[in-house]
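One structure is given below, encoded as structure tokens.
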Amino acid sequence: MIETRGLTFRYGSDESGPPAVDDVSLTIRDGSFVVLAGPNGSGKSTLVRQFNGLLDPDAGSVSVNDQPVDENVVAARTAVAMTFQDPRDGFVAATVAADVAFGPENLGLARREIDERVAGALAAVRMDGRGDERIDRLSGGEQARVAIAGALAMGPDHLVLDEPFAGLDQPARQSVLSRLDALGDAGTGIVVVTHDLRDVLALADRVLVMNEGRVALDTDPERAREQLSGLAVRAPC
Ligand code: ADP
Ligand code: MG
């Protein structure tokens, strides 16, 4: 479970403008599939980066599995694994398997356990048997799936994907969507950050829409479909 209370974040020391994330209180249950939508600049990335200590709040608190994130960042990063808008920002190794192994290696797991996790994570994104391939030779969709595998290899309770469809063509997008569908069915909690709701609403059981740093809408996919016409959720990046 991810819990935020009064979460507030400002970039820099300029207190004249509104904060990037402004007094957000949310509870994200284990196993839920949440779509976090909202226009470009509404604070989505800033919010989720506080779920596992990539950013520290200026006010308020975040806890993961009832433990404050700032008291145990390793536990938070293990429980809440994240992929970034450009998967290349997250890669640390030249080949697929080496990259996916990086997170578990940093947890200090035994080699056998690491190998099992890498194999399981690659199978989950349909990249099995391709561990020795170079990441820079993969298509955008394959890179997106490798990034997801790297997050999955942490054995997270929640997988947070920040704009996983950015730059993907329709077949690659469908491939990532069907992997997310399967992962959600297998019990992994998923948070998909996106300004583009095509197809992903069908997988969600909760929709959050941010606007100017606040959660403007917290609803189910059916109601979201009706209400979203008023909010610029498809604003281009
Ligand atoms: P979203 O992910 O919804 O597009 P962000 O969380 O990236 O929104 O941005 C929220 C606000 O914070 C925007 O006004 C954005 O310009 C600002 N912002 C984001 N990243 C930075 C940064 N590194 N430095 C300063 N301001 C930033
Ligand atoms: Mg963003």
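The values are calculated or read from the model by the stated rules, or taken from the named source; none is laboratory data. Computed from a predicted structure; not experimentally measured. Note: ideal-geometry Cβ built from the backbone for every residue, glycine included; neighbour counts use all protein chains shown.
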- Query: Is it the case that ASP136 is charged (D, E, K, R), surrounded by 21 or more Cβ atoms within 10 Å (Cβ to Cβ) and either assigned to a loop (DSSP other than H, G, I, E, B) or at pLDDT 95 or above (or both)?
  - Reply: no
- Note on the structure: Of (1) more than 13 Å from ILE2 (Cα to Cα); (2) β-branched (Val, Ile, Thr); (3) away from ligand 1 (no atom under 13 Å from the Cβ), VAL69 fails just (1)
- Note on the structure: Of the candidates GLY167, GLY155, GLY120, the one satisfying the condition of being in contact (Cβ under 8 Å) with a residue 12 or more places away in the chain and over 18 Å from the mean Cα position of the chain (by Cα) is GLY120
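One line per residue, one yes/no per condition, for (1) more than 15 Å from ligand 2 (Cβ to nearest atom); (2) β-branched (Val, Ile, Thr); (3) surrounded by fewer than 16 Cβ atoms within 10 Å (Cβ to Cβ):
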| site | (1), (2), (3) |
| --- | --- |
| GLY6 | yes, no, yes |
| PRO19 | yes, no, no |
| ASP23 | yes, no, yes |
| PHE33 | yes, no, no |
| GLY38 | no, no, no |
| ASP66 | yes, no, yes |
| ASP89 | no, no, yes |
- Of the residues VAL96, VAL160, which is more than 16 Å from ligand 2 (Cβ to nearest atom), β-branched (Val, Ile, Thr) and under 30 Å from ASP196 (Cβ atoms)? VAL96
- Note on the structure: In the set ALA153, ALA149, the lone residue that is surrounded by 19 or more Cβ atoms within 10 Å (Cβ to Cβ), within 18 Å of ASP86 (Cβ to Cβ) and either among the charged types (D, E, K, R) or out of contact with any Asp or Glu (no Cβ under 8 Å at 6 or more places or on another chain) (or both) is ALA149
- Any hit, the stretch 122-138, residues being within 21 Å of VAL64 (Cβ to Cβ) and either among the β-branched types (Val, Ile, Thr) or away from ligand 2 (no atom under 16 Å from the Cβ) (or both): no
- Give just the number: which of (1) away from ligand 2 (no atom under 16 Å from the Cβ); (2) touching a Ser or Thr at 6+ places or on another chain (Cβ under 9 Å); (3) in contact (Cβ under 8 Å) with a residue 60 or more places away in the chain does PHE51 not satisfy? (1)
- Name the residues in the stretch 182-202 that are within 14 Å of the chain's Cα centre (by Cα), of a type outside the set (Ser, Thr, Tyr) and at pLDDT 90 or above, would you? LEU183, GLY184, GLY189, ILE190, VAL191, VAL192, VAL193, VAL200
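Table: residues versus (1) touching a His at 6+ places or on another chain (Cβ under 8 Å); (2) within 16 Å of ligand 2 (Cβ to nearest atom).
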site: ARG179; (1), (2): no, no
site: GLY184; (1), (2): no, no
site: ILE190; (1), (2): yes, no
site: ASP205; (1), (2): no, no
site: VAL209; (1), (2): no, yes
- Message: List the residue pairs whose Cβ atoms are under 6 Å apart, where the first residue sits in the stretch 26-48 and is of a type in the set (Ser, Thr, Tyr), the second is within 15 Å of ligand 2 (Cβ to nearest atom) and in a loop (DSSP other than H, G, I, E, B), and the two are 6 or more positions apart or on different chains.
- Response: THR46/ALA20
